[in-house]
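Below is one structure, written out as structure tokens, with a few remarks after it.
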Amino acid sequence: MNIILLGPPGAGKGTQSAGLVERHGMRQLSTGDMLRAAVKAGTPVGLKAKEVMDRGELVSDEIVSDLIDAELAAMGQETGVIFDGYPRTAAQAEMLDAILARNGRVLDHVIELEVDEDALVERITGRFSCANCGALYHDTANPPATPGVCDSCGGTEFKRRPDDNEKTVRTRMQEYRAKTAPILPIYEARGIVSRIDGMAPIDTVAEQIDAILRG
Ligand code: AP5
């Protein structure tokens, strides 16, 4: 099964991807995570991407598509994939079709998380993650069960993303509206788009995604 999770910044793509990995053994391919890893490692891709990401704008189509292509090529076809934050432009959607065909894969579902944009700024500015394992939390909506201790790995160090400030979030939302939302009709024409209320509690969203995957 190969699925795309689509939605504006803070819609819950990363949170739901982590659940799918745990429940179904799927593999999450997040271009945001790959780019942040490249920035941290100081690779040529990371050096190019850093300023663009800090402004909340989109990194070039070729860079992100190459990252996805390399991951898929190195992976067995039997592993299901969640595309998290990719594709984000019409050009990337076209590139993904070619990448999937090359790797003998077919896209099964595009799931759009529909959210109230006003709530997203609050979600994003309250987000933090475990510095050790990357588990995602929120100050009020999804804190660790024991304050200061990661539920997943017991780590006690947490971090916040540099682009999780209100100014950058607004630019990321604008980019989503202008460049990403317009790719939905491409997949609607194929009859593979489902929409979910992303404002529902995390477990409810997960149940709705599982219902779509069960068909
Ligand atoms: P990326 O990392 O993909 O960021 P994004 O799309 O802005 O999405 P986020 O990670 O911010 O949100 P999310 O939907 O995953 O929400 P989450 O689950 O964390 O991209 C970052 C940057 O990289 C881009 O701006 C761009 O520069 C570049 N980039 C990446 N991919 C690219 C591409 N393909 N092309 C070009 N450039 C690219 O949830 C948010 C918070 O809300 C969490 O704290 C969570 O606990 C909480 N939460 C989640 N669900 C719920 C719920 N149902 N109820 C209450 N709280 C919830």
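Taken together, the values in this text are just the output of simple stated rules run on the coordinates, not laboratory data. This structure is a prediction, so every number in the text was calculated from the model and none was measured. Cβ coordinates were reconstructed from backbone atoms using ideal geometry, including for glycine residues, and neighbour counts include every protein chain displayed.
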Calculated Rg and Dmax of the chain using C-alpha coordinates, Å: 16.6, 47
Would region 35-94 count as rounded, prolate or oblate if I go by the C-alpha gyration tensor, calling it rounded below 1.5 in a/c and otherwise prolate when a/b exceeds b/c, oblate otherwise? oblate
Computed from the beta carbon distance with a Förster radius of 35 Å, FRET efficiency for residue 204 and residue 71 to the nearest 0.05 stands at 0.70
Given the rule -39500 (n - 2.57) for each run of at least 4 DSSP H residues, summed and divided by the residues of the chain, what is its mean residue ellipticity at 222 nm, to the nearest 500 deg cm²/dmol? -14000 deg cm²/dmol
Taking Cβ-Cβ under 4.7 Å as the only way to count a partner, pick out the unpartnered cysteines of the chain. none
So, in nm, how far is label residue 184 from label residue 136 when the simple model puts each one 7 Å beyond its Cα toward the Cβ? 1.9
Measure out, as a whole number of angstrom, how far apart the alpha-carbon centroids of region 128-180 and region 35-83 sit. 19
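If neighbour count is taken as other Cβ atoms inside 10 Å, put 122, 78, 207 in order from fewest to most.
Working: 122 16, 78 5, 207 12.
Least to most surrounded, the residues fall as 78, 207, 122.
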Taking every other residue with Cβ under 13 Å from the Cβ of residue 193 and scoring Lys and Arg +1, Asp and Glu -1, one gets -2
In nm, to one decimal, how far is the residue 97 label point from the residue 117 one, both placed 7 Å along Cα→Cβ? 2.8
